[in-house]
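Comments concern the structure below.
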Amino acid sequence: MIEVLVSISILLLCVPSAYNSIQSGTTGARYAKDQLIASYLAQEGLEIIESRRSDNMIDLNTVGTVSGWLDGIDPECTGANGCAVDIGYGASDPTITACASAVCGRLNINNFGLFAYNTGAGWTATKYSRVVRVQVASASCGHSLCPEEATVTSSVSYDLPNIGTRTVTVVEDMYYWLAPAI
């Protein structure tokens, strides 16, 4: 009889600690998932800006319909509030628009797991907001396509219950990479 009581006591001590371990493990996994999504969204912000820069560079070299390698980026993203960049599922090109305030608004997610600023049927609001800022180098380079360098900062913020707001920031430099026709 004493052995049974000891066995039950041991089980009563082990079950709650196992439950707590499982609960903290799932909470940690949820936080890691949120941070990974924010990291990918921040990287996507950089890539949209880099894509626009590359399109401008090709256009400057061939078609000539843009006036500079930062067209569509400056002044939209160089202001104090930064800009909202959106891959624009269903649109021909990604959109880059200046933010009206320091927070550009929340991204939405559709039934396929794609994030965008799209709204309407099939889109649900998320906890993620992204803002991209571009700081243009002010150095003189001796030709009309100055500056030759810009620093892009893409930040994604999200709220975690019982923790608060978290932010993932990715920074990268981009350059004017064609030889100038002086």
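Brief remarks on what is shown
- If you check T97, T126 for being at pLDDT 90 or above, under 21 Å from V170 (Cα atoms), in contact with an Asp or Glu (Cβ under 9 Å, 6 or more places away or on another chain) and not in a loop (DSSP other than H, G, I, E, B), only one passes: T97.
- Residue ID - nearest to T153 (Cα to Cα), chosen from residues in region 1-45 that are of a type in the set (F, W, Y) and modelled with pLDDT of 70 or more: Y40
- Residue count for region 137-162 satisfying the condition of being of a type outside the set (F, W, Y), surrounded by 17 or more Cβ atoms within 10 Å (Cβ to Cβ) and either within 19 Å of K33 (Cα to Cα) or at pLDDT 90 or above (or both): 7.
- Residue satisfying all of: in region 100-116; crowded, with 20+ Cβ neighbours inside 10 Å and in contact with a Leu (Cβ under 8 Å, 6 or more places away or on another chain); modelled with the highest pLDDT among these: L107
- For region 100-123, the tally of residues that are aliphatic (A, V, I, L, M), in contact with a strand residue (DSSP E or B) (Cβ under 8 Å, 6 or more places away or on another chain) and closer than 28 Å to D173 by Cα stands at 4.
- Tally, over region 53-87, of residues that are surrounded by fewer than 15 Cβ atoms within 10 Å (Cβ to Cβ) and under 20 Å from the mean Cα position of the chain (by Cα): 4
- Any hit, region 77-87, residues being modelled with pLDDT of 75 or more, in a strand (DSSP E or B) and of a type in the set (V, I, T): yes
The values are calculated or read from the model by the stated rules, or taken from the named source; none is laboratory data. Everything numeric here is computed off the predicted structure, so don't read it as measured data. All Cβ positions, glycine included, derive from the backbone under ideal geometry; neighbour counts span all protein chains shown.
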